[in-house]
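J.: I have a structure I would like to understand better, so I am pasting it below and will then ask my questions one at a time.
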Amino acid sequence: MASLTRNPFTRAPKSEPILGQNRIVAHFLAFLTWIIGLLFFFPLFWLVLNGFKEESVANASPVLFFDPTLDRFSEVTESNSGLLSFTEAFGNSFWIVLISTVLVMVLAVPAAYALAIRPMRMWRDVLFFFISTKFLPIVGAIMPLWIIARDLDLLGTRTVLVILYTAMNLPLAVWMLRSFFAEVPKELIEAAQIDGCSLMGQIRQVILPIVAPGLAATALLCVIFAWNEFFLAVQLNPTGASTIPVWVNSQQKFQGQFLAGLSAASVLATLPVVIAGWVAQKRMIRGLAMGAIK
Amino acid sequence: MAEVRYEAASRIYPGTEIPAVNSLDLDIADGELLVLVGPSGSGKSTALRMLAGLEHVNEGSVYINDVDVTLKPPQDRDIAMVFQNYALYPSMTVGENMGFALKQAKVPKHERATRVAEAARILGLEPYLDRKPKNLSGGQRQRVAMGRAIVRNPQVFLMDEPLSNLDAKLRVQTRTELADLQARLGVTTVYVTHDQVEAMTMGHRVAVLDGGILQQVDRPRTLYSEPVNRFVAGFIGSPAMNLLDVKRTDGTLSISGQPLEFDPAMASAINASHGSSMSVGVRPEHLTLQSTGIAGEVTVVEELGSESYVHVLTQHQGSDQILVVRDQGETQTTRGDQVHVGVHGALHVFAEDGERIRT
Ligand SMILES: Nc1ncnc2c1ncn2[C@@H]1O[C@H](COP(=O)(O)OP(=O)(O)O)[C@@H](O)[C@H]1O
Ligand SMILES: [Mg+2]
């Protein structure tokens, strides 16, 4: 009968113990993971540290302890030595990324709806066509793009980047959103139909609330890809209407010997993406996992 | 309130040859609870979805209240449907789910609230109106799905296996509640299930489908006592009817060498039918264990408390044949006993093509 009363001193373990041989393997793998993680993280860490150093300190042999300063950040943001100032570049990037992402979503949602929920004949081919546009290396397409942009008088404008970033992210967004839409149970849409809901009503009131995490994940990826894009920006718009990556690059040209200043510029370019990723981490993982099921 | 009529309605899915529903003719009276029953894949859901407007009708027509709705979209049919997985809108609360159709129909807000509250009262859902579906139990979700249907006060309720996701006990309880609710509301209802017990207990009439073809529509009692063919005989009833292939030798039919007795009218009907291989069906309650009759050995005893079902292994036409016999009260039989089985009651005889032989 004694066995029926529970020993008050035993507690549920935090995690299941791993037994025998596997335990050594598990510890080794955990160790390896840390090493690899740190290896990946180190260059970024070094970059951030350098951003807070004096130039003389940054160029000397690496030290861990130094007097941090924000001077490099104010220098690069106030510098007018490049093609465009930091504020200009940031504003350009902001608007180009925002408008292109909104356009992508507005175009991709109906396309994904059609592909997932009302597939026409050959929808697989259509889907393949979308992704196949990403097969072509962008260097192979830059010449015709440049000529078209020139003839349309779009070289050096924000418009050309908005158009190209929309086109660049659209296949990915359609592809991702389709898998999110395909997750929506067919019966829900049928129930909405029977309940007298119009087509737009079904999308707005029933489908979109369900796929919201997926929409957020998709939009965030589009933002990140557009924010980071460099090649098209530098080829078609290397001037005052260009974006943050081009600005960092121009800092490189003019401040080549100034390691700390360049580090500060790079940190500024990376920061918005890191923050966006951090904020949206949970949603994004949920969204990406949601799509992965199908 | 409404009558429903299928007229030679067929559904052939794209890329398939055989119709999933084959020329269905069915009349459903105003206020009736008609159950569509059949094995999995027999076309029950398809038939229901044709009435809902979710599935295109390839041939024939469907009428609601003498209006041809064959080509009308679901929203113009004034029907409500309860899905097997309930299909509750996950982003809406219970109240919003139930009021959704009314909102679409632009019913004023206060009227909507009264109607939702009324439905919630009937179904005992009042404490849950502000919850999201994911925070409800299976039984509560089922009620919300019901509530969403009754709030609308539609012409017809359509239900596709609405109880199959509930556990056995709740299913039995809910099925009586549902039948009672339907009777009180008096709304014409088409109810799909693969469970023949559910069909028999709930249906005013039951339509048996097999392979997309309607086999029989009748009241449960008729279906049980006068199945029109061998399929219905074997499908309806639990445990199933004993069905044996028999050869007609010089005008008599026999089970395990025991000649069967028929009244003169039946005997002449059997004689008049074509083909020599027939089948005979006899329900377990029409067989008894006794001291003479068909000899056999007990293999299984299913003890149900008030009665038990005894499986008796006999030799019939040179091969093994199990007969299930109902033994009332506390059975004295155990596995391995040598027993004799007697026939006392209705025998069903089916011709070579499976059709019932009638007098
Ligand atoms: N969308 C579809 N496309 C092709 N065949 C289908 C489709 N839906 C159902 N079927 C086929 O139609 C037949 C009837 O299906 P269904 O009406 O769902 O049967 P039940 O509800 O009686 O189980 C089955 O053979 C099934 O495989
Ligand atoms: Mg079904």
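J.: Treat every Asp and Glu Cβ in region B:194-272 as -1 and every Lys and Arg Cβ as +1, leave all other atoms uncharged, and give the resulting dipole magnitude about the Cα centre to the nearest 20 debye.
T.: In debye, rounded to 20, region B:194-272 gives about 80.
J.: Given the pairs A:Lys186/B:Lys44; A:Lys134/A:Lys186; A:Lys186/B:Lys132; A:Lys282/B:Lys134; B:Lys103/B:Lys132; A:Lys186/B:Lys72, which span a C-alpha to C-alpha distance of over 22 angstrom in this model?
T.: Check vs 22 Å cut-off fails for A:Lys134/A:Lys186.
J.: So what J values fall out for region B:12-25 if you push phi through Karplus, 6.51 cos²θ - 1.76 cosθ + 1.60 with θ = phi - 60°, rounded to Hz, Gly and Pro as x?
T.: 10, 5, x, x, 10, 9, 8, x, 6, 10, 10, 6, 7, 10
J.: Could you point to the residue in A:Trp146, A:Met168, A:Leu208 farthest towards the positive end of region A:72-289's charge dipole, with +1 and -1 charges on the Cβ of Lys/Arg and Asp/Glu respectively?
T.: Final value for the positive-end residue is A:Leu208.
J.: Which helices, counted as full DSSP H runs in chain A, have an axial Cα extent of no less than 18 Å and a Kyte-Doolittle average of 0.5 or above?
T.: Helices meeting the span and hydropathy rule in chain A are A:21-51, A:86-117, A:138-151, A:158-182, A:208-228, A:259-293.
J.: OK, next. With labels modelled as points extended 7 Å from the Cα through the Cβ direction, what inter-label distance (nm, one decimal) is found for A:Leu271 paired with B:Glu330?
T.: Going from the A:Leu271 label point to the B:Glu330 one covers 8.8 nm.
J.: Sum -39500 (n - 2.57) across every DSSP H segment of at least 4 residues in chain B, then divide by the residue count to get the 222 nm mean residue ellipticity, nearest 500.
T.: After summing the helix terms and dividing by residue count, I get -8000 deg cm²/dmol.
J.: How many percent of the accessible area of the protein assembly as shown is carbon or sulfur, using a 1.4 Å probe?
T.: 60 percent
J.: Here's another thing I want to ask about it. At B:Thr292 and A:Leu64, where each label point lies 7 Å from the Cα along Cα→Cβ, what is the point-to-point distance in nanometres?
T.: The two pseudo-label positions are separated by 10.6 nm.
J.: Using the Kirkwood formula over every pair of different C-alpha atoms, what hydrodynamic radius in Å results for region A:20-117? Don't skip to the answer; put the middle values down first.
T.: Working: mean 1/r = 0.0533 Å⁻¹.
Averaging 1/r across every pair of different Cα atoms and inverting gives 18.8 Å.
J.: Given the convex hull of the Cα atoms of region B:211-359, what is a quarter of its surface area in nm²?
T.: Projected area, direction-averaged: 9.7 nm².
J.: A further question follows. Compare the peptides B:104-112, A:94-102, B:60-68 by average per-residue count of other Cβ atoms within 10 angstrom and give them in order, highest first.
T.: Per-residue mean Cβ counts within 10 Å order the peptides as A:94-102, B:60-68, B:104-112.
J.: Over what distance in Å are the Cα centres of region B:205-237 and region A:148-215 separated?
T.: Centre-to-centre distance over Cα atoms comes out at 50 Å.
J.: Set the Förster radius R0 to 60 Å, insert the Cβ-Cβ distance between B:Lys103 and A:Ile147 as r into 1/(1 + (r/R0)^6), and round the FRET efficiency to 0.05.
T.: The formula returns an efficiency of 0.65 here.
J.: Another question about this same structure. Could you tell me the center-to-center distance, by alpha carbons, between region B:45-73 and region B:249-274 in angstrom?
T.: 45 Å
J.: Compute from the Cα atoms of chain A the Rg and the Dmax, the latter being the longest Cα-Cα distance, and quote both in angstrom.
T.: 25.4, 92
J.: Measuring from label point to label point, each 7 Å out along Cα→Cβ, what is the B:His340 to B:Asn85 span in nm?
T.: Taking the simple label geometry, B:His340 and B:Asn85 are separated by 5.8 nm.
J.: For the interface of chains A and B, what total accessible area is buried with a 1.4 Å probe, rounded to the nearest 100 Å²?
T.: On the way: alone 18270 and 16970 Å², together 33680 Å².
Separately minus together, A and B give about 1600 Å² buried.
J.: Along the charge dipole of region A:72-289, Cβ charges K/R +1 and D/E -1, which of A:Ser132, A:Ile275, A:Trp227 sits furthest on the positive end?
T.: The residue sitting farthest along the positive end of the dipole is A:Ser132.
J.: For the protein assembly as shown, what D do you get in µm² per second when you plug the Kirkwood radius from alpha-carbon pairs into Stokes-Einstein at 20 °C and 1.002 mPa s?
T.: 67 µm²/s
The values are calculated or read from the model by the stated rules, or taken from the named source; none is laboratory data. Keep in mind it's a predicted model, so treat the numbers as computed, not measured. Backbone-built Cβ (ideal geometry, glycine too); neighbour counts: all protein chains shown. When the accessible area is computed, the model is the full protein with side chains, heavy atoms only, and any ligands, DNA or RNA have been set aside. Shrake-Rupley method; radii C 1.70, N 1.55, O 1.52, S 1.80 Å.
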